[in-house]
Amino acid sequence: MRRIRANAIAILTVAWILGTFYYLWQDNKPHTSSPSSASQPRVGDSRSHAGRPDIHRDDSHRTIPLIMTQSPRAEPQQGQLIGSFDEKAYLLGKQLKAGDDPYRDHAFNLAESDRLGSERAIRDTRHYRCASVNYDANLPPTSIIITFHNEARSTLLRTIKSVLMRSPPSLIQEIILIDDFSTDPEDCQLLSQIPKVRCLRNARREGLIRSRVRGAGAASAPILTFLDSHCEVNTDWLQPMIQRVKEDHTRVVSPIIDVISLDNFAYLAASADLRGGFDWSLHFKWEQIPIEQKMSRNDPTLPIRTPVIAGGIFVMDKSWFNHLGQYDTHMDIWGGENFELSFRVWMCGGSLEILPCSRVGHVFRKRHPYDFPEGNALTYIKNTRRAAEVWMDEYKQYYYSARPSAQGKAFGSIAERLTLRRKLNCKSFRWYMENVYPELRIPEQDAVSSVLRQGGLCLESLGADSLGLAECRGTGAIRPQSQRWQLVEPLLRQQDLCLAITAFTAGSKVKMEPCSNKEPRQKWKPKGPALQHMVSGLCLDSQPPAGPPTITQCRSQLASQVWEPQLIT
Ligand code: LR7
Ligand code: MN
């Protein structure tokens, strides 16, 4: 009897341990994206509804913090998606020749892309809670618009097949390809044998902006979905975006853009805490969502408001796209259109968001693999200048000071776009700054000039090496440059020269030298009325008053260490 009981306990213990291991394994195993689940409801699915020079290339988007993922599992193959289309013949029609540089034509490793096949499995990179979000059963269908110029056949086909494999078929009305005058018309034409795929070819090179407008004009669905030509969409990518647009047609929504390695085509999850931002030169960058917003996010499936979108991958109501003026079709080839669209959407009554439950992979590259007929730099300047002139009001001055070379470059007439802005009764850029992107610092606030007063005297630079206290001269505009200081933490500037220590020890002299944000000898911060050198911890001291100032041990209220900034107005 006792033996039977002991055996029973042992069996139960083993079963419990095995059960625990199985549970943990289930929880940790990589989820692999599968063909869309919307048409096949899951058993026990308890879904509840919840709500470039920087000109050459905008490189910041290539530095997305990554979360490394495990290798994916096999995904069931989907037949019948491509009809009579002969995929093998299509891919064999363009093969890399032995000895060719696999990066030459596309700025990514073509050999690796060709080797991968068109239906590979990728990891489902969403937060696990996304799988239990519910979407309406009767979402409206969308037209997918993909513009390309000399895209590699294998990446283009993988983009299309990933859409067909991982979207509910009822949501895909059509896939419109705009061949932007690629060398070989068959790259596009042959793909129109795939059911739902249409191919439009430009008679000359138009650039991605006019190409997308053409695609949108040909679209028959009420919702537009734009994709770059080297993407792979992930599990249930489409429903979250269409749902948000269906609920409010003024929303323009993007997925989180995962990274497909340009070297080995690994699919890597991007951080879910990023939004789109920019600097005054109109250089796009990914940035952390502001800390207060991050703290108040208790549901990782909720949308993230974003000041700008990256530009290539987004969903928008077609009537809203047309109502808001599509794109500025005087912009050429590549660049700047994402700012123009983003400012316009926000300022004219819409909103922009990133949906963390939607994930799309994109091959980020380090250079453009195609030519710019007018040159890369001039094109980027023309496009961003148009965006700045039409939308940025008095704030455009900061764009020009960040990009002095833009001044005087041709950008064509903007009369039509200004009329559009007036007709749509759009808000000011100031409103955008205050309500949408208050985190963008205004350079002029940093650059206000002050005198640094000590008693009746002012700190003055006398050439590069010599500094001293001198009688404060003039007021307002007639203050001499040598007494005007800009306190842009951590730098103490006079134009391009900055106050620097000469050595890190007490008693060392200070001098002026060309500014560098990275130079530890130039870093200062206010400490009460004193100015403390951040690295040495010593304070700026006028002693002895006759010679050049030095750095000495900080002592509170020591008269020779008191520097009162007095704004020059
Ligand atoms: O003359 C051209 N004609 C085209 O049809 C030049 C390009 N294109 C096509 C091209 O084949 C591709 O499909 O336009 C698309 C975008 O060009 P890419 O892939 O060379 O550029 P990118 O990935 O750096 O582009 C990002 O910035 C662009 C600014 O104009 C566009 O907004 C792109 O759509 C945008 N891509 C994304 O947002 C994807 C995520 C990358 C980021 C950030
Ligand atoms: Mn791209």
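Since every read-out is calculated from the coordinates, none of them should be taken as a lab result. All of these numbers come straight from a predicted model, not from anything done at the bench. Every residue, glycine as well, gets a Cβ built from its backbone with ideal geometry; the counts of neighbours run over all protein chains shown.
A compact table of results
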quantity: Cα gyration tensor, the range 168-299 - rounded (a/c under 1.5), prolate or oblate; calculated: prolate
quantity: Cα-centred dipole magnitude for the range 279-351, charges only on beta-carbon of K, R (+1) and D, E (-1), debye, nearest 20; calculated: 240
quantity: For the range 263-389, size of Cβ-based charge dipole, Lys and Arg +1, Asp and Glu -1, in debye; calculated: 160
quantity: Computed lengthening from Glu186 to Glu394, 0.36 nm per intervening residue step minus Cα-Cα distance; calculated: 70.1 nm
quantity: Burial ordering of Ile568, Ile223, fewest other beta-carbon atoms within 10 Å first; calculated: Ile568, Ile223
quantity: Fewest-first sequence of Arg166, Arg365, Arg115 by Cβ atoms within 10 Å of each Cβ; calculated: Arg115, Arg365, Arg166
quantity: Cross-link reach list, lysines versus Lys161, counting only Cα pairs under 30 Å and skipping chain neighbours closer than eight places; calculated: Lys29, Lys88, Lys94, Lys97, Lys196, Lys246, Lys285, Lys318, Lys366
quantity: Cα-based convex hull, the range 95-243, per residue volume (Å³, whole number); calculated: 120
quantity: Net +/- balance of residues flanking Val197 in space, Cβ distance below 15 Å, scoring K and R +1, D and E -1; calculated: -1
quantity: The range 403-510 - charge dipole about Cα centre, Lys and Arg +1 at Cβ, Asp and Glu -1, debye rounded to 20; calculated: 640
